[in-house]
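Notes follow the structure.
The values are calculated or read from the model by the stated rules, or taken from the named source; none is laboratory data. For clarity, every value in this text was computed on a predicted model and none was experimentally measured. Ideal geometry is used to build each Cβ from the backbone, glycine not excepted, and the neighbour counts take in all protein chains shown. Each accessible area value is taken on the protein alone, full model and side chains, heavy atoms only, with ligands, DNA and RNA left out. Shrake-Rupley method; radii C 1.70, N 1.55, O 1.52, S 1.80 Å.
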Amino acid sequence: EPEVTQTPSHQVTQMGQEVILRCVPISNHLYFYWYRQILGQKVEFLVSFYNNEISEKSEIFDDQFSVERPDGSNFTLKIRSTKLEDSAMYFCASSGDRTNTGELFFGEGSRLTVL
Amino acid sequence: AQSVTQLGSHVSVSEGALVLLRCNYSSSVPPYLFWYVQYPNQGLQLLLKYTSAATLVKGINGFEAEFKKSETSFHLTKPSAHMSDAAEYFCAVIGGGGSYIPTFGRGTSLIVHP
């Protein structure tokens, strides 16, 4: 069964370092998303991506964050200069259509720990 | 604006007992509502969804949820818990503002005791 895969599963980094989280969405999907969950808090929307550009983003998604689809398969989230408060589980998701009636397919998540 | 509140970060039940996980939402338009489940070391997967058809929605693994507009609720239930139901459960809403991005709750961890 097709699935969304994320790497790494866990990354530990020093404050101020750049981090790239990688995702391989389901191959025929068109919409891609990043969410994050800080421990004990809500799953928060970061950004959605369609047709090679950002379609929506939240207030969390500031200039420190960027997304890219460098080739036909990968979808990456870059955090330029990590802060302690960026420590969270980051989830990638994809969908075949807009999600008013469909569903999101999630990866297993990448746990980021910033020291 | 849309939001979701899941009451109780942890719910503990005995095997065979009723499962009730609560979700209340706010939405500026008739909402679409979802429950996702996350088993250990896996991604979130869709359990069931409400998209303005029948108010009682049946999902996988014997779970169901009822949309109650008057109470702005979409609680998840299962008559008899199984050990394999132990997981994190997330309620989500799509509720207007021109966005089709689901807003999630904080999740409820279901613990099932033998």
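Tabulated data
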| read-out | value |
| --- | --- |
| Accessible area per residue, Å², the protein assembly as shown with all protein chains present, probe 1.4 Å | 48 Å² |
| Shielding of B:100-111 by partner chains, average beta-carbon count, 10 Å | 5 |
| Signed unit charges on C-beta, dipole axis of chain B, positive-most listed residue B:VAL13, B:PRO114, B:ASN24 | B:ASN24 |
| Nearby lysines by direct alpha-carbon distance to A:LYS78 (threshold 16 angstrom, same-chain neighbours under 8 apart not counted) | A:LYS57 |
| Protein heavy-atom accessible area occluded, A/B pair - total, 1.4 Å probe, Å² | 1800 Å² |
| Counting all C-alpha pairs of the protein assembly as shown, share separated by more than 27 Å (%) | 33 percent |
| Approximate shape of the range B:44-105 as ellipsoid semi-axes (Cα gyration tensor, √5λ), whole Å, largest first | 22, 15, 10 |
| Cα centre as origin, Lys/Arg/Asp/Glu Cβ charges: the range A:1-61 dipole, Debye | 140 debye |
| Chain B: most fluctuating residue of B:ALA86, B:ALA17, B:ALA53 per GNM, C-alpha cutoff 10 Å | B:ALA53 |
| Two-decimal Rg to Rh for the range A:17-115 - Kirkwood Rh, Cα set | 0.94 |
| Cα-Cα P(r), chain B, percent of pairs per 5 Å interval | 2, 13, 24, 25, 19, 10, 5, 2, 0, 0 |
| Förster radius 25 Å - calculated FRET efficiency between B:THR5 and A:GLU56 (Cβ-Cβ, nearest 0.05) | 0.65 |
| Other protein chain Cβ atoms within 10 Å, averaged over every residue that makes up B:32-45 | 4 |
| Spatially proximal lysines relative to B:LYS49 (Cα-Cα < 18 Å; intrachain offsets below 8 disregarded) | B:LYS58, B:LYS68, B:LYS69, B:LYS78 |
| Rounded percent of accessible protein surface that carbon and sulfur make up, the protein assembly as shown, 1.4 Å probe | 50 percent |
